[in-house]
Every structure is written in C-alpha cells, then in structure tokens.
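A.B. asks: Mind looking over this structure? Questions follow.
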Amino acid sequence: MKIDEKRIAMLMKTLDITREEALELEGYDADVTAGKKTEFDLTAEQQAVVSEMTRADVEVGKRKSTRKPNELKEAIVREIAEFLSEDALGQMYEAVQIANANRTITFAVGDKQFELNLIEKRKPKP
C-alpha cells in the first residue's frame with residue numbers, strides 16, 4: 001500500500017490522532033473500499049436481525065390514504081361518458097367506459113383507442 005503523506009498529516013491534524021492511528025485508519029478505509037471483511041462487520045445473524053427489523057418498520061409505516069370523492073368531477077365524467085355513448089353525432093364512439101370515476105373515460109373510434117382525462121385546475125395563489 002502506497003502511503004500518502006499529505007493525507008496522513010491531514011488526518012493527524014484534523015482528527016488529533018497519532019501517525020500509527022492515521023495509518024491504521026487508512027488501512028481500514030482501504031479494506032472497506034476493497035470489500036474485505038473487517039472486525040466491525042455484522043455477523044450473518046446480526047444482518048438477519050437488521051433485515052427483519054427493517055422489513056417490519058416498512059410494513060408498519062404503510063398507511064393507505066383515502067381521498068374525499070369529488071362529486072362535481074364524478075358528475076361531469078358521467079355526463080361526458082353518457083354524451084359520448086348516446087348523443088354524439090359526429091363520430092361513432094364505441095366501448096365508452098369510465099375507467100376512473102373521478103377523471104378518466106376510455107373509448108374507441110373505429111380501430112383507434114382514446115383516453116379522456118378531466119383535470120380540475122387549482123385556484124391561483126394570491
């Protein structure tokens with residue numbers, strides 16, 4: 001291992017350690033970088049416990065949030081879908097379906113598929 005004297009001097013000054021401790025620290029860093037086992041690595045049993053605890057925290061933290069239905073948007077989507085399937089005169093709209101009651105209608109014209117999304121804009125901030 002090549003010794004970088006400037007780095008050793010910087011470590012000694014910054015961390016207030018001896019030359020031997022700085023060399024030991026550099027050796028440890030080199031081992032970690034190379035992917036070698038060190039004395040501070042977890043055992044297989046400890047790693048299994050950590051994995052289990054991490055998995056448990058994620059599962060506990062999951063919470064399904066529910067959105068209050070937007071009745072106005074749902075009514076508009078229903079009316080547009082009804083219009084496309086019954087009253088539209090310009091094209092033959094086929095397979096008109098409400099994919100998402102709050103926003104999306106899918107339909108076909110001939111052999112082409114379409115999706116119509118209703119987006120409600122927010123009020124501009126003052």
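All of the numbers you see were taken from the coordinates with simple rules; none came from a lab. Computed from a predicted model, the values in this text were never measured in an experiment. Positions of Cβ are generated from backbone atoms using ideal geometry, with glycine treated the same way; all protein chains shown enter the neighbour counts.
A.B. asks: Any idea what Rg and Dmax come out to for the stretch 5-60 if you just take the C-alpha atoms, in Å?
C.D. replies: So, for the stretch 5-60, Rg and Dmax equal 17.0, 50 Å respectively.
A.B. asks: Lys121 label point, 7 Å along Cα→Cβ, cut-off 18 Å on backbone N: hits in the stretch 63-90?
C.D. replies: Residues 73 qualify, since their backbone N sits under 18 Å from the label point.
A.B. asks: Please give the charge dipole size of the chain, origin at the Cα centre, charges +1 on K and R Cβ atoms and -1 on D and E Cβ atoms. Round to the nearest 20 debye.
C.D. replies: Working: 21 positive and 25 negative charges, 153 e Å.
Charge dipole of the chain: 740 debye, to the nearest 20.
A.B. asks: Moving on to the next point. Only four residue types carry charge here, +1 at the Cβ of Lys and Arg and -1 at the Cβ of Asp and Glu. Report the dipole size of the stretch 5-60 about the Cα centre in Debye, rounded to the nearest 20. Let's see the in-between values first.
C.D. replies: Values: 7 positive and 14 negative charges, 59 e Å.
About 280 debye.
A.B. asks: Along Cα→Cβ, 7 Å out, is where each label goes; now give me the distance between the ones at Asp41 and Asp29 in nm to one decimal.
C.D. replies: About 2.1 nm separates the two model spin labels.
A.B. asks: Would you calculate the volume per residue, in Å³, of the smallest convex hull containing every Cα atom of the chain?
C.D. replies: Values: hull volume 46.4 nm³, N = 126.
Cα convex hull per residue, to the nearest whole number: 368 Å³.
A.B. asks: Taking the chain as a Gaussian network, Cα atoms linked when under 10 Å apart, which of Glu82, Glu21, Glu115 shows the biggest mean-square fluctuation?
C.D. replies: Glu21
A.B. asks: I've got another one for you. For the stretch 86-126, which semi-axes, largest first and in whole Å, follow from the square roots of 5 times the eigenvalues of its Cα gyration tensor?
C.D. replies: 27, 12, 9
A.B. asks: Something else now. On a straight-distance basis, which lysines could pair with Lys13 in a cross-link, Cα separation under 27 angstrom, same-chain partners fewer than 8 positions away excluded?
C.D. replies: Lys2
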